Amino acid sequence: MEENKPLVDDGSLAFLKIPRDEHSRSMKGDTVKQEKIVNTEFWVFDYLEDVPTRFSKIKGTKGQTLVQIRPSKDSPESEAKKFFTGSQDILYILQQIKERNAFPRKVTMRSEGNRYYFE
């Protein structure tokens with residue numbers, strides 16, 4: 001019969017189990033260009049608004065939206081990718097999903113000229 005032994009602090013950060021900072025301005029995953037994932041179906045897991053980029057500085061805006069995606073709902077975080085977008089259509093959909101507490105969500109990236117959107 002095993003006793004419930006207290007865990008011994010091994011000095012690692014993992015031992016402390018510090019939760020992710022809710023105000024963090026970064027996400028895990030390799031960056032992919034949004035034009036490379038047009039007509040591709042994937043799962044959106046999270047996003048950050050107004051992330052400063054060189055493009056937002058050129059346009060004079062606060063920042064772009066950073067979107068974290070995965071190939072399937074059950075994909076581990078190690079398979080996550082992310083992309084930046086200035087699309088107001090995509091941002092609106094992401095805000096609506098968040099408002100409904102409905103992440104992750106399966107979408108397909110579409111484009112018409114320079115306009116990007118989810119279906």
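Below are the figures for this structure:
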{"read-out": "Cut-off 20 Å (backbone N to label point 7 Å along Cα→Cβ of Ser26), residues of segment 67-88", "value": "67-70, 77-85"}
{"read-out": "Pairs beyond 20 Å (Cα-Cα), from Lys28/Lys73; Lys36/Lys82; Lys28/Lys62; Lys81/Lys106; Lys36/Lys81; Lys33/Lys81", "value": "Lys28/Lys62"}
{"read-out": "Pair Lys17, Thr61: separation of 7 Å Cα→Cβ label points (nm)", "value": "4.0"}
{"read-out": "Segment 22-112, dipole about Cα centre (Lys/Arg Cβ +1, Asp/Glu Cβ -1), debye to the nearest 20", "value": "220"}
{"read-out": "GNM result for the chain, Cα springs below 10 Å: residue of Asp50, Asp30, Asp74 fluctuating most strongly", "value": "Asp74"}
{"read-out": "At R0 = 22 Å, FRET efficiency that the Cβ-Cβ distance of Thr53 and Asp89 yields, to 0.05", "value": "0.75"}
{"read-out": "Vicinal HN-Hα couplings computed from phi for segment 101-115 (Karplus, 6.51 cos²θ - 1.76 cosθ + 1.60; Hz; Gly/Pro x)", "value": "6, 10, 7, x, 9, 7, 9, 10, 7, 10, 8, 9, x, 8, 8"}
{"read-out": "Per-residue HN-Hα couplings for segment 39-53 [Karplus 6.51, -1.76, 1.60; θ = phi - 60°; Hz; x = Gly/Pro]", "value": "6, 10, 8, 7, 10, 8, 10, 6, 7, 10, 8, 6, 7, x, 9"}
{"read-out": "Residues with amide H under 5 Å from that of Lys82, placed H, sequence gap 5 or more", "value": "Asp30, Thr31, Val32, Ile69"}
{"read-out": "Of Tyr92, Val8, Tyr47, farthest towards positive along the dipole that unit charges on Lys, Arg, Asp, Glu beta carbons give the chain", "value": "Tyr92"}
{"read-out": "Listed residues Lys17, Lys81, Lys33, most fluctuating in the chain (Gaussian network, C-alpha, under 10 Å)", "value": "Lys17"}
{"read-out": "Spin-label pair Thr108/Leu7, simplified geometry with 7 Å Cα→Cβ offset, distance in nm", "value": "4.4"}
{"read-out": "Option label - mean projected area of the Cα convex hull in nm² computed here, alternatives (1) 10.8; (2) 22.1; (3) 7.4", "value": "(1)"}
{"read-out": "Among Gly29, Gly63, Gly11: highest mean-square fluctuation, GNM of the chain, C-alpha pairs under 10 Å", "value": "Gly11"}
{"read-out": "Acute angle (nearest 10 degrees) that the helix 88-99 long axis makes with the longest principal axis of the chain, alpha-carbon atoms", "value": "40"}
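Any read-out appearing in this document is the output of simple, stated calculations on the displayed coordinates, not a laboratory observation. The structure presented is a predicted model; accordingly, all values stated were derived computationally and were not measured. Glycine gets a Cβ as well: all are built from the backbone with ideal geometry, and neighbour counts include every protein chain shown.
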